[in-house]
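To keep things clear, I will list the structure first and then write my remarks on it.
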């Protein structure tokens, strides 16, 4: 019998070891199933929003009479489709909307009123495979490896093993390899199944699998070091449990507090409120100076006909945009602060390697803070396209109806050739 075969036989005889790996495999499978269900729910929600939007657009075309009425009432969906690996690392997708319906009105309030929770407060994250790998798999490795040497010593077999040259090293290496390998398999098999169902790009899937294996290797090394140096099995288990608590909970929480204190970020809800205040206060300001402030930003409409009525749509949409201009500095500070916090968290990941590997998984799954900021950038670009579509009709008093509305910028769904997930095209 080979060393690996022998250790596999010993492993199957240990009810505790088999139960620990089986439970981990079950939880990992459940996490993958939950992640697949979540991304499918988001994709279905995107499709449903577009179906309902088509009905709403048709109803709007039945009663709108000019460009201003269309611009005020029309919503334009823009979505952040799940990537092929999002099922394994949901990341920021649990605190940020996957689809927005924006209008040609002031944008900042539309973006920030959808924030449900501060992303930095979601320390452990959602229940997904990345969570299982970083927070639960180490506990299984501790159970399997904490008594590798001390268990033999306490059973009175260590002296006999050490009496035979290289026998102890071969036995312990095989035992550690088998147990760590089974833990890795409990993570990799569910992941491979999910990646196949999502048609994830092979190269990216291999990198993600490498991060999962990296977590197993890191905790295997720590567990072996504690097991080799520790005096007794109980002491080894307690030491490793304390290390797990420090590296996965206390350390990240402390790092988050330090980063948040060192890098202040404007409150998103306050930014949205100030944006609305700037828009609402414009009703009480003289109309012509407000319009002139807008025309400084858009001189191409400087020859717009004068306003002859108390209300004109071009004035209304001019002060809507000026509301965004009024909070532009705060918006930029918000985005810059979030980006700097993300960079600081990535740097902290080098000291807290398990969390760093989790951040890497979120990055590969395009569910990290950087991906969310990129989505907000796409929203701003798309919103500008919508505004610019309406401006010629608003400032030239041109007729606007069903045909012109059909030419408004819209996004379309397509099937991603590699991942099978919806994404947007112009």
**Asked** If you go through segment 136-157 one residue at a time, do you hit one that is at pLDDT 95 or above and either within 30 Å of residue 262 (Cβ to Cβ) or part of a loop (DSSP other than H, G, I, E, B) (or both)?
**Response** yes
**Request:** Quick one: in segment 28-48, of everything that is surrounded by 17 or more Cβ atoms within 10 Å (Cβ to Cβ) and touching a strand residue (DSSP E or B) at 6+ places or on another chain (Cβ under 9 Å), which residue is nearest to residue 102 (Cα to Cα)?
**Result:** 46
**Any hit, segment 276-294, residues being surrounded by 13 or more Cβ atoms within 10 Å (Cβ to Cβ) and out of contact with any helix residue (DSSP H, G or I) (no Cβ under 8 Å at 6 or more places or on another chain)** = yes
**Request:** Kindly list, by first and then second residue, each pair from a residue in segment 1-27 that is in the same structural domain as residue 146 (by TED's automatic domain parsing) and in contact (Cβ under 8 Å) with a residue 40 or more places away in the chain to a residue that is assigned to a helix (DSSP H, G or I) and loosely packed, with under 12 Cβ neighbours inside 10 Å, limited to pairs with Cβ atoms under 6 Å and residues at least 6 apart or on different chains.
**Result:** none
**Asked** Here are some residues: 85, 24, 52, 8. Which one is modelled with pLDDT of 95 or more, part of a helix (DSSP H, G or I) and surrounded by 14 or more Cβ atoms within 10 Å (Cβ to Cβ)?
**Response** 24
**Request:** Check whether at least one residue in segment 178-186 is in the same structural domain as residue 137 (by TED's automatic domain parsing), in contact (Cβ under 8 Å) with a residue 24 or more places away in the chain and within 23 Å of the chain's Cα centre (by Cα), and report yes or no.
**Result:** no
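Modelled with pLDDT under 90, closer than 21 Å to residue 175 by Cβ and crowded, with 17+ Cβ neighbours inside 10 Å: does that describe residue 233?
yes
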**Message:** Being at pLDDT below 95, surrounded by fewer than 21 Cβ atoms within 10 Å (Cβ to Cβ), on the phi < 0 side of the Ramachandran plot and touching a strand residue (DSSP E or B) at 6+ places or on another chain (Cβ under 6 Å) is true for just one of 116, 170, 110, 162. Which residue is that?
**Reply:** 110
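The values are calculated or read from the model by the stated rules, or taken from the named source; none is laboratory data. Because the structure is a prediction, the values reported are computed rather than measured. Cβ coordinates were reconstructed from backbone atoms using ideal geometry, including for glycine residues, and neighbour counts include every protein chain displayed.
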